[in-house]
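Following: one structure in structure tokens, then a few remarks.
Coordinate-derived values only; no laboratory data. The model shown is predicted, which means the values in this text are computed figures rather than measured ones. Neighbour counts run over all protein chains shown; Cβ positions are idealised from the backbone, glycine included.
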């Protein structure tokens with residue numbers, strides 16, 4: 001039976017798979033690629049998706065929403081990177097997706113959205129997640145905050161130029177408040193700031209220095225070398241007279257206060273008040289060497 005539906009179509013494939021076979025031999029490379037494809041299928045199912053087909057070292061999946069696809073894409077990248085570290089291999093994937101109307105028939109999907117998703121995957125390089133600006137607009141604020149526009153260009157088969165975006169990784173007005181309710185005061189009367197520190201480095205986040213990033217990647221303000229941390233894990237930012245911590249990770253962010261009060265956020269944000277410590281992907285103690293410390297003022 002043929003029917004139409006709005007779905008996110010995602011393609012993920014192993015980058016440089018030929019190199020794996022040349023370097024490690026057929027048996028070892030086949031084992032690694034099969035393990036990787038199984039992992040991609042598992043990440044798909046865990047994020048409410050369906051594997052449509054596997055073609056060699058590529059999987060094609062569908063998801064009910066753009067957010068589900070974005071969550072799955074980030075998890076795929078994080079888990080493949082962790083698996084590569086465990087096996088001591090250079091294993092990387094490329095991911096591309098698009099959300100739009102498709103035709104479903106006989107377990108397969110067809111249509112312009114499928115073609116555009118495949119073109120996004122072709123644009124992706126190793127370790128990248130590529131999607132369209134139209135898809136980013138359909139995603140939640142956390143995903144939108146972790147996206148950046150690469151280029152607006154003409155794509156074959158499309159009359160209008162397409163905005164091509166990257167979803168960074170491992171980078172509601174209802175918020176959780178740690179340390180008691182936040183005081184509602186006019187922004188102009190509040191000089192809010194926070195000191196964020198890790199090892200010997202201290203950075204103040206305030207109205208001028210709007211945010212800092214935390215994670216395992218070398219481009220972060222605070223680089224925490226923990227396998228549980230995502231490459232772009234979290235962001236501490238000044239916004240509307242408050243200090244927030246925004247989680248962008250696969251494993252979530254843990255916060256503990258000196259009084260032992262604990263909080264956990266995952267793809268969400270929380271107002272920071274008082275002082276305490278932040279754990280990337282794992283629970284920490286105040287004196288843990290991998291803890292990022294914070295103190296907020298104002």
Distance cut-off 24 Å, percentage of C-alpha pairs in segment 3-167 lying past it = 32 percent
message = Need one word for segment 45-100: rounded, prolate or oblate. Basis is the Cα gyration tensor (sqrt eigenvalues a ≥ b ≥ c); a/c below 1.5 gives rounded, then a/b vs b/c decides.
response = prolate
key: Likely footprinting exposure, 287, 38, 57, fewest C-beta neighbours within 10 Å first   = 287, 38, 57
query = With a 10 Å Cβ neighbour count serving as the proxy for reagent exposure, in which order, fewest first, do 197, 147 appear?
reply = 197, 147
request  = Run the numbers on segment 176-297 and let me know its relative contact order in percent, using alpha-carbon pairs under 8 Å that are six or more apart.
outcome  = 26 percent
message = If packing is taken as the average number of other Cβ atoms within 10 Å across a peptide's residues, how do 118-130, 100-112 rank, most packed first?
response = 118-130, 100-112
ask   = Taking only DSSP H segments of four or more residues, each worth -39500 (n - 2.57), what value at 222 nm results for the chain once the sum is divided by all its residues, to the nearest 500 deg cm²/dmol?
value = -7500 deg cm²/dmol
remark   = Shape call for segment 255-298, from the Cα gyration tensor axes a ≥ b ≥ c (a/c under 1.5 means rounded, otherwise prolate when a/b beats b/c, else oblate), comes out oblate
inquiry  = For segment 1-86, place one equal point scatterer on every Cα, skip the solvent, and apply the Debye formula. What is log10 of I(q)/I(0) at q = 0.11, 0.23 Å⁻¹?
reply    = -0.32, -1.09
query = How big, on average over all directions, is the shadow cast by the Cα convex hull of the chain, in nm²?
reply = 17.8 nm²
request  = Quote the relative contact order of segment 3-167 in percent (integer), defining contacts as alpha-carbon pairs under 8 Å separated by 6+ residues.
outcome  = 24 percent
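Classify segment 176-297 as rounded, prolate or oblate, taking a ≥ b ≥ c as the square roots of the eigenvalues of its Cα gyration tensor: rounded when a/c is under 1.5, otherwise prolate if a/b is larger than b/c and oblate if not.
Values: a/c = 1.67, a/b = 1.41, b/c = 1.19.
Cα axes put segment 176-297 in the prolate bin.
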